[in-house]
Amino acid sequence: MTSGTTGANTPPEDDDPFGYLYADGQANGAQPPSGGYGYPGSVNRVRAVGQRQYGQPQQQSTAPYGQVPQQQGAYGQPNNAHYAAPETFPGGAPTTQHPQQGYGGGGRGRGPNTKGLLIGAIAVVAAVVIGIGVAMLGGDGDDDASGNQASSTPSTSQSSEPSASTSQSAEAGELPKADAKVLRLEGGTATASDVKGAKSDGGIYVQGFNQVGAKVIWTVNGIEKSGTYRVYVRYSIPGVDANGTLTVNGTASTQPLNMKNFGGLPKGDWEKGWQTTWAQVSLNKGTNTIQLSCEQGNQCNALLDQFSVTENVDP
């Protein structure tokens with residue numbers, strides 16, 4: 001359909017509302033509609049930003065087509081004397097903005113309270129350290145209690161070999177006893193351990209007693225009362241009798257210490273020649289000195305092992 005062919009009484013623009021846009025429509029006298037946005041009967045509601053009136057009836061623009069209605073107020077200002085900002089009404093928006101508080105409180109916009117966190121962490125660490133200290137102190141108490149019941153065995157830093165001039169300490173209710181290695185050796189005597197069978201600690205015994213002038217000296221401690229005692233000597237011979245001179249506190253015995261082959265053991269066998277002899281002596285309360293020596297007239301071919309003191313027993 002073309003403009004101008006709809007009938008004699010119908011204007012072209014009524015047939016085609018957009019006929020004024022075409023050359024032939026304009027030649028036939030088509031005019032733009034008086035409504036807004038180019039549509040017939042539409043309402044032109046063009047207004048400047050900020051001129052909307054809340055609660056007021058809308059006014060229709062009467063400006064000719066193609067002209068912008070005159071603004072009744074500056075941008076951002078009301079064009080009606082009755083206009084009021086929303087915050088002026090009861091319950092309206094607040095006009096004052098409050099600064100937002102920072103994380104962690106204080107109202108000054110600060111960051112997290114790191115000082116408080118640090119103090120808390122230190123307190124936790126201190127509590128743990130105190131707990132560990134208490135536990136360690138408790139453990140020490142247990143160790144002390146158990147240590148009071150520990151064995152009297154010497155530690156590695158203590159010498160397990162007493163001095164050669166002292167006697168072994170007797171236990172409560174026992175008389176003294178001495179191994180070969182605690183005896184004081186003179187006149188060519190020395191310790192050895194080649195021959196098996198000695199009862200001294202480590203199998204040690206005294207050799208070199210088979211010569212005149214050889215001697216062993218035992219300092220006896222712990223004699224509770226003066227009286228008559230027996231001195232026992234353990235020795236080994238090669239199946240041949242031997243003897244020596246026994247001297248107590250500087251006084252030599254009139255009878256030599258007899259080291260016979262009581263068991264009739266075979267000659268030349270030192271390991272099978274171990275046996276024990278004894279002599280009756282007088283001892284003082286406290287400390288005494290007992291000496292066994294090889295003097296002129298003695299037969300001293302013997303190895304010496306342990307010495308001990310016992311109460312005298314009448315036969």
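Can you check what the net charge comes to around Arg234, using other residues whose Cβ is under 11 Å from the Cβ of Arg234 (Lys, Arg +1; Asp, Glu -1)? Don't jump to the answer; show the numbers that get you there.
Numbers: positive: Lys177, Lys199; negative: Asp179, Asp305.
With Lys, Arg at +1 and Asp, Glu at -1, the net is 0.
With each pseudo-label sitting 7 Å past Cα toward Cβ, what's the Asp24-Glu174 distance in nm, one decimal?
With each label placed 7 Å out from Cα toward Cβ, I get 14.6 nm.
So who's got an amide H within less than 5 Å of the one on Gln299, skipping anything under 5 residues away but keeping other chains? H placed 1.01 Å off N, in plane.
Asn243
How much of the accessible area of the stretch 166-258, probe 1.4 Å, is carbon plus sulfur, in whole percent?
Details: 1860 of 4300 Å².
It is 43 percent, rounded to a whole number.
Kindly write out, for the stretch 262-268 in residue order, the coupling ³J(HN,Hα) from the Karplus curve 6.51 cos²θ - 1.76 cosθ + 1.60 (θ = phi - 60°), rounded to whole Hz, with x marking Gly and Pro.
These are the phi-based 3J(HN,Hα) values: 5, x, x, 6, x, 6, x Hz.
Against the empirical 2.2 N^0.38 Å scaling, what ratio does the C-alpha Rg of the stretch 249-315 come to? Walk me through the numbers before you get to the answer.
Details: Rg = 14.1 Å, N = 67, 2.2 N^0.38 = 10.9 Å.
That works out to 1.29 for the stretch 249-315.
At R0 = 51 Å, how high is the FRET efficiency between Lys285 and Ala192 if r is their beta carbon distance? Nearest 0.05 is fine.
Numbers: r = 35 Å, r/R0 = 0.69.
Working from the Cβ atoms, E equals 0.90.
The values are calculated or read from the model by the stated rules, or taken from the named source; none is laboratory data. Since we're looking at a predicted model, the values are computed, not measured. Cβ: placed from backbone, ideal geometry, glycine included. Neighbour counts: every protein chain shown. Remember, those area values only see protein heavy atoms, side chains included, never the ligands or the DNA or RNA. Shrake-Rupley method; radii C 1.70, N 1.55, O 1.52, S 1.80 Å.
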